[in-house]
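Visitor: Have a look at the structure that comes next, please.
Quick note: the coordinates plus some simple rules give every number you see, no bench work behind them. Because the structure is a prediction, the values reported are computed rather than measured. Cβ: placed from backbone, ideal geometry, glycine included. Neighbour counts: every protein chain shown.
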Amino acid sequence: MNMNENSEEIYIGKAKGPINIALIKYWGKDNEQLITPLNNSISLTLDTNVFFTETKVTIKPINLNINSPIDKNNQSQNIITLKINGKDYPVNSRIKNIFTKFFQLKIPICQKLSQKNLNIQIESKNTFPIASGCASSASSMAALVVSIFSALKIDQNKLSKTDLTKIARIGSGSACRSIFGGICEWIKDGGDDSHAIQLYDENYWDLGIKLIIVAQEEKEISSSLGMKITKETSELFKYRINHVVNENLIKLKKSLEKKDFNSLAEIIIKDSNNFHACCRDSYPTINYLNAESEYIIKAVMLLNKIYGKNICAYSFDAGSNAFIFYERVNQKLIDEYFNFVLGFSEKIDKLIVYFENKEIEKIKEEINNFVLKKPSKEKISKIINFKLGEGTKIIE
Ligand code: PMV
């Protein structure tokens, strides 16, 4: 807490939030207001070397006079402003709900501020294309929640990380999984108790994630609207919720426990396929994938076939960008392969060395035939490699 020129207190907090990518997808809300999911989901939190949101929150009580709304109505009128990458944005109801949640907590500082009119500034910096399936909302809402927590200097004993996941959830469902690092599960639970937990930390398994950005455009249907349409119209989705997703959760947890990449990859791929099939089954139909996404799907399946077991997996969120998963011991092979099939390297011989003792000529022919259909280079705007990372962190 600092003092401003009128000796009023100022509360400032800063935090950096990572993105996360779901292996078992959240799609469909149980309760629209509380933002609780129809199913548990599991995700990887990614490192913040390239993609992150950094948020600074400044909270200043406004000096009151006799005509102020709080005196008349006994209800505070907070002024909230939001800047993202230097540009002003309107403050949506979800951001307001996050502040309301904080000021409803039975913690002295929260109770005190709830009695005042506040001037709240949110200044956010992020480094990724917004609304293109790159989980920007998860990282920004997690960063916002932790920066408020830091600004108010709340004790961890009074408000745990698990409690923070519950508040992040009301900003954007998947944001609750960005509070923790490593591998996380968002537990459906009843009502407002829905929260995320950490299954394993970021050092448990050296997994790599390659994000292939194939589109920079804003997506046509937001995830909120998309999941509403799917829930209301897709018969296949009912089957997903009642049968598919719970089995996938059990299987995925087993593969994580055994660090069995071959089976992990199969479940990741199947859950992504099942989620996108439900989108297509929605009425009106929803399609987040494009021709480049389809090409990458085939490229993954081809590599796994040639390799003789699953060495990589793909998953797509509500967008056409591909997330590729692998064990980092295989980083070089994965890099060479995707560089070659996406047209960033012309040298198949650099790739072929990784297929020792196999039918090299046949493999060469198969890959060369496959790349005849590769997308033009301009369609792939960026390739970024991630490792597992830490959760949202306070910046001092
Ligand atoms: O949290 P939202 O509303 O951005 O929804 C995220 C939905 C998916 O990214 C498609 C799946 C997930 O579990 O992250």
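Visitor: Lys254 to Lys332: FRET efficiency via 1/(1 + (r/R0)^6), r the Cβ-Cβ distance, R0 35 Å, to the nearest 0.05? Before the final figure, lay out each step's value.
Guide: On the way: r = 29 Å, r/R0 = 0.82.
Computed FRET efficiency for Lys254 and Lys332: 0.75.
Visitor: Calculate the spin-label point distance for Lys125 paired with Ile12, positioning each point 7 Å from the Cα along the beta-carbon direction, and give it in nanometres.
Guide: With each label placed 7 Å out from Cα toward Cβ, I get 1.4 nm.
Visitor: Just Lys16, Lys358, Lys374 to compare: in a GNM of the chain, with alpha carbon springs under 10 Å, which one fluctuates most?
Guide: Taking springs between Cα atoms under 10 Å, the residue moving most is Lys358.
Visitor: Quick check: pseudo-label points 7 Å beyond the Cα along Cα→Cβ at Tyr239 and Lys347, how many nm apart are they?
Guide: Placing both labels 7 Å along Cα→Cβ, they lie 4.8 nm apart.
Visitor: Report, in cubic angstrom per residue, the convex hull volume of the C-alpha atoms of the chain. Provide the component values of the computation, followed by the final result.
Guide: Details: hull volume 59.8 nm³, N = 396.
With only Cα atoms used, the chain gives 151 Å³ per residue.
Visitor: Sorted from largest down, give the three principal axis spans of the alpha carbons of the stretch 208-387, whole angstrom values.
Guide: Principal axes ranked by extent give 51, 40, 28 Å for the Cα atoms.
Visitor: Something else about it: Grab the DSSP H runs of the chain that are 4 residues or longer, score each as -39,500 (n - 2.57), total them, divide by all residues and round the 222 nm result to the nearest 500 deg cm²/dmol. Intermediate values should be presented prior to the final figure.
Guide: Working: 13 runs with 146 residues, N = 396.
Calculated at 222 nm, the ellipticity per residue is -11000 deg cm²/dmol.
Visitor: Work out from phi, with θ = phi - 60° and the Karplus expression 6.51 cos²θ - 1.76 cosθ + 1.60, the ³J(HN,Hα) of each residue of the stretch 272-286, listed in order in whole Hz, and give x for Gly and Pro.
Guide: Couplings: 5, 4, 5, 4, 6, 5, 5, 4, 5, 6, 6, 10, x, 5, 10 Hz.
Visitor: Using a simple spin-label model with points 7 Å from Cα along the Cα→Cβ vector, what separation in nm is obtained for Ser160 and Asn92?
Guide: Result for the modelled spin labels: 3.0 nm.
Visitor: Please state the shape class of the stretch 328-384: rounded when a/c is under 1.5, otherwise prolate if a/b exceeds b/c and oblate if not, all from the C-alpha gyration tensor.
Guide: Values: a/c = 2.82, a/b = 1.32, b/c = 2.13.
Because a/c hits 1.5 or more and a/b fails to exceed b/c, the stretch 328-384 counts as oblate.
Visitor: Here is a further query. Evaluate 2.2 N^0.38 Å with N set to the residue count of the stretch 262-342, then give the Cα radius of gyration divided by it. Could the numbers behind the result be given before it?
Guide: Details: Rg = 13.2 Å, N = 81, 2.2 N^0.38 = 11.7 Å.
So the stretch 262-342 has a normalised radius of gyration of 1.13.
Visitor: Could I ask something else about it? Past the 29 Å Cα-Cα mark, which pairs from Lys96/Lys382; Lys166/Lys387; Lys305/Lys382? Walk me through the numbers before you get to the answer.
Guide: Details: Lys96/Lys382 34 Å; Lys166/Lys387 26 Å; Lys305/Lys382 26 Å.
Beyond 29 Å between Cα atoms: Lys96/Lys382.
Visitor: Now a separate question. In debye to the nearest 20, how big a dipole does the chain give about its Cα centre with +1 on each Lys and Arg Cβ and -1 on each Asp and Glu Cβ?
Guide: Values: 53 positive and 46 negative charges, 72 e Å.
Computed about the Cα centre, the dipole is about 340 debye.
Visitor: Report the gain in length on full extension from Tyr354 to Asn290: 0.36 nm times residue separation, minus Cα-Cα distance, nm rounded to one decimal. Don't skip to the answer; put the middle values down first.
Guide: Numbers: separation 64, 0.36 × 64 = 23.04 nm, distance 3.00 nm.
Answer, rounded to one decimal: 20.0 nm.
Visitor: Specify the angular offset, from 0 to 90 degrees and rounded to the nearest 10, of the alpha carbon long axis of helix 136-151 from the longest principal axis of the alpha carbons in the chain.
Guide: Taking the Cα atoms of the chain, the angle to 136-151 is about 40 degrees.
Visitor: Residues of the stretch 326-344 with the amide nitrogen closer than 14 Å to a label point 7 Å from the Cα of Glu378, along Cα-to-Cβ, please.
Guide: none
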